[in-house]
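Below: the structure, in structure tokens.
Since every read-out is calculated from the coordinates, none of them should be taken as a lab result. Everything numeric in this text was worked out from a predicted model, so none of it was measured. We place every Cβ from the backbone using ideal geometry, glycine too, and count neighbours over all the protein chains shown.
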Amino acid sequence: MTDSNSTKELEKKLLSFITEEDPMLCMLQWITEKFMEIEVANKVGAQKGKHSAERTTHLSGSRVRRFDTRMGTMYLTIPKLLLLIFYNSPMGVKTFSWTFEGAGNVFI
């Protein structure tokens, strides 16, 4: 059984695509960005802006990348992950460094 509120929100979102120049491309872009959000939330261990004890890293901005498909070209906002690496220095002080990692590969 589906929640009527979720159904109404989805219907509203689908109707907003109708007004676009290329509705199918807009739907593909939207669903691709939602999949990336889910993938990033799983890698981070928490939703964006939420606190969690299971959090393994943090988000550090985003970057725009061009993605060519058979349906057309999309410009996706790809989140960056901040990877903190802790290590012991020769001085006995715990220090850290960080690197950036993209959200991963998206295949359609």
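When we measure straight from the Cα of residue 12, which lysines land under 23 angstrom away, once same-chain ones fewer than 8 places off are left out?
Cα-Cα hits under 23 Å: 34.
Setting aside same-chain residues fewer than 8 positions from residue 80, which aspartates and glutamates have a Cα under 17 Å from its Cα?
33, 37, 39, 101
R0 = 22 Å: FRET efficiency of residue 10 with residue 47, Cβ-based, nearest 0.05? Display every interim value, and only then the final one.
Working: r = 20 Å, r/R0 = 0.89.
According to the calculation, E is roughly 0.65.
Does segment 21-78 come out rounded, prolate or oblate, given a ≥ b ≥ c as the square roots of the eigenvalues of its C-alpha gyration tensor, rounded meaning a/c under 1.5 and, failing that, prolate meaning a/b above b/c?
Working: a/c = 3.40, a/b = 2.49, b/c = 1.37.
It is prolate, given that a/c is not under 1.5 and a/b is the larger ratio.
Please report how far the C-alpha centroid of segment 1-43 lies from that of segment 61-76, rounded to the nearest whole angstrom.
Comparing the Cα centres of segment 1-43 and segment 61-76, I get a distance of 16 Å.
Looking at the square roots a ≥ b ≥ c of the eigenvalues of the Cα gyration tensor of segment 1-40, which shape do they give, rounded for a/c under 1.5, prolate if a/b is larger than b/c, or oblate? Write down the numbers at each step before the final one.
Working: a/c = 3.28, a/b = 1.09, b/c = 3.01.
Judged from the Cα gyration tensor, segment 1-40 comes out oblate (a/c at least 1.5, b/c at or above a/b).
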